[in-house]
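Please read the structure below before turning to the comments.
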Amino acid sequence: MYNDTRPKPTVVCSAFIEKDGKYLFVYDPRFRVWRVPGGRVEYGEKLEDTLRREMKEELQLDITEPTFMGFGQDMQYKHSKGHETCRLLMFFHASITGEPVLDPHEASQSRWVTLEEMRQEEEKEGALADFFERRPDAQ
């Protein structure tokens, strides 16, 4: 019998939130990386529902027309708890009206950037870097 005690991969839904041709980039102090907003899928939840819930919780935003763009995978070290997580991130494109209000537990700062600026950021989460490697044509 196969007995693997390692943690199982976590599925996360994240959004490339677009406004005026730029995308919201947030800094996660727990993992010390730049990322696009998102969060873990709860048991039985549809991916689009996860995305809507997370954007409401994390940014106090309603999103419209989420469209699947692709995925990325990573292993990420959580500095506050001293352990690694294995994740599969499902990336969506979404539009908003209004301005995001950051939850300080989720993101300590934000900025609006182009996709090219996002690609060039060295301190971005691994799954986002993996997404860009898989989708060099992402625009």
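Quick note: the coordinates plus some simple rules give every number you see, no bench work behind them. What you see is a predicted model; the values in this text were computed from it and never measured. Cβ sites come from the backbone with ideal geometry, for glycine too, and all protein chains shown count toward neighbours.
Of 28, 20, 74, the residue with the greatest mean-square motion in the GNM of the chain, using alpha carbon springs below 10 Å, is 20. Just for the chain, what percent of DSSP beta bridges are antiparallel, to the closest 5? Within the chain, antiparallel bridges account for around 70 percent of the total. Of the residues 17, 96, 63, the one that moves most in a GNM of the chain with alpha-carbon contacts below 10 Å is 96.
Translational D (Stokes-Einstein, µm²/s) of the chain at 10 °C and 1.306 mPa s when Rh comes from the Kirkwood sum over C-alpha pairs? Here the translational diffusion coefficient equals 104 µm²/s. Note on the chain: lysine pairs with Cα distance below 24 Å, sequence gap of 8 or more or different chains, count 13. Computed 3J(HN,Hα) for segment 12-29, one whole-Hz value per residue from the Karplus formula 6.51 cos²θ - 1.76 cosθ + 1.60 where θ = phi - 60°, is 10, 10, 10, 10, 7, 7, 9, 8, 6, x, 10, 10, 6, 10, 10, 9, 9, x, glycine and proline marked x. Relative contact order, whole percent, for segment 10-134 stands at 35, derived from Cα pairs under 8 Å and 6 or more residues apart. Remark: relative contact order (segment 1-62) = 28 percent; criterion is Cα-Cα distance under 8 angstrom and separation of 6 or more residues. Longest stretch of the chain clear of exposed loop sites (trypsin sites (Lys or Arg not before Pro), DSSP loop, at most 10 other Cβ atoms within 10 Å, sites excluded): 82-139. Once both axes come from the Cα atoms, what is the angle between helix 47-59 and the longest principal axis of the chain, in degrees from 0 to 90, rounded to 10? The answer is roughly 70 degrees. What's the longest bit of the chain with no exposed chymotrypsin sites (Phe, Trp or Tyr not before Pro), using DSSP loop states and at most 14 other Cβ atoms within 10 Å as the test? The longest such stretch corresponds to 44-139. Among 63, 114, 86, flag the residue with its Cα farthest along the positive direction of the charge dipole of segment 10-134, charges on Cβ as +1 for Lys/Arg and -1 for Asp/Glu. Projecting each Cα onto the dipole axis, the largest value belongs to 86.
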